[in-house]
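Working notes for the structure below.
Each value in this text was obtained by applying a stated rule to the coordinates, not by laboratory testing. All figures in this text were calculated on a predicted structure; none of them were measured in a lab. A quick note on method: Cβ atoms are made from the backbone with ideal geometry, for glycine too, and the neighbour counts reach across all protein chains shown.
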2 protein chains.
Amino acid sequence: MAMSDTLKAISDPVRRKILNLLKDESKPAGEIAAQFALTPATVSYHLKLLKQANLITERREKNFIYYDLNASVFEEVLSWIYSLGIGGESDDKK
Amino acid sequence: MAMSDTLKAISDPVRRKILNLLKDESKPAGEIAAQFALTPATVSYHLKLLKQANLITERREKNFIYYDLNASVFEEVLSWIYSLGIGGESDDKK
DNA sequence: TTTCTATTTTGATAATTATCTAAGTAGATA
DNA sequence: TATCTACTTAGATAATTATCAAAATAGAAA
């Protein structure tokens, strides 16, 4: 079920952008929400899904809630993709 | 838009299973459909989405329609995942 | 301890996606 | 050319997901 959660989480562009935002440093929810033309409530909903998929963790500081990227759950996805035989190996005739 | 299509396509377990089925050899639609407790129409719908995402190609032979895996489109997804910094690099303290 | 700030949760609605049945199509076979 | 086989497409419905506005919460600040 883990991989299904991961893939469902990253199938949405808003959630992918959130992950991109957290790539270099953690950010509070408000700062994340400010990057979208969506209400804080909606962004919070996306954060919840990402949290459930274990792609981010949260940490409270003052009354901000900081989110951190946890990219380690991608390992399973990578394994699956590689199991299908990737790398353009059938394309080396050029 | 390409990556969005790819990720949306593989976010569904039925479609991932189809890709798994095509991993080693191409198969006709009927044989694929037989692997699911779904109507041929529904499986055809999933095949259409995979085709649109360029994850499979089709080829007619007699009156069978064979589907082939095209895993090369995963390259973009892999790049994105790696750009987030993968490999459990923050986990090497064990 | 009241109020303010940052954010989440709830409840409702809209939008999208998956599924089915029935009808259509392309090509092989009789 | 009529029919059969292997599918797809269309149309309808159910299920899921994304969104918002309004209310709730947790902790900081006054």
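Assorted remarks:
- Among residues of chain A, the one whose beta-carbon sits closest to the A-to-B rotation axis is listed with its distance in Å as A:S11, 2.
- Measuring between their Cα centroids, segment A:3-25 and segment B:10-26 lie 22 Å from each other.
- Cα-Cα P(r), the protein assembly as shown, percent of pairs per 10 Å interval: 9, 32, 30, 19, 9, 2, 0
- Across the identical copies, the label point of A:N54 (7 Å from Cα in the Cβ direction) is separated from its matches by 3.2 nm, in order from shortest.
- Each other copy places its own label point for A:S4 at 2.6 nm from this one, sorted shortest first, where the point lies 7 Å along the Cα-to-beta carbon line.
- The relative contact order of chain B, computed from alpha carbon pairs under 8 Å that lie at least 6 residues apart in sequence, is 30 percent.
- Calculated mean residue ellipticity, 222 nm, the protein assembly as shown: -14000 deg cm²/dmol, from DSSP H runs (n ≥ 4) at -39500 (n - 2.57) each, averaged per residue and rounded to 500.
- Take the Cα of A:E61, go 7 Å toward its beta carbon, and the backbone nitrogen atoms of segment A:1-36 under 12 Å from that spot belong to A:25-29.
- Violating pairs (Cα-Cα greater than 32 angstrom) within the set A:K51/B:K27; A:K62/B:K8; A:K8/B:K23: A:K51/B:K27; A:K62/B:K8
- Of A:I56, A:I81, A:I32, the one that fluctuates the most in a GNM where chain A has Cα springs shorter than 10 Å: A:I81
- Taking chain A as a Gaussian network of alpha-carbon nodes connected by springs under 10 Å, the highest mean-square fluctuation of the residues A:N54, A:N63, A:N20 belongs to A:N63.
- Sorted from shortest to longest, the distances between the A:S72 label points of this copy and the other copies are 3.6 nm, with each point 7 Å from Cα along the line through the beta carbon.
- Solvent-free Debye calculation, one equal scatterer per alpha-carbon of segment B:35-79: log10 I(q)/I(0) at 0.16, 0.26, 0.28, 0.29 Å⁻¹ equals -0.52, -0.99, -1.04, -1.07.
- Backbone HN-Hα couplings from phi across segment A:27-34 [Karplus 6.51/-1.76/1.60, Hz, Gly and Pro as x]: 9, x, 3, x, 5, 5, 4, 4
- Pairwise Cα distances in segment B:2-84 exceed 15 Å in 55 percent of cases.
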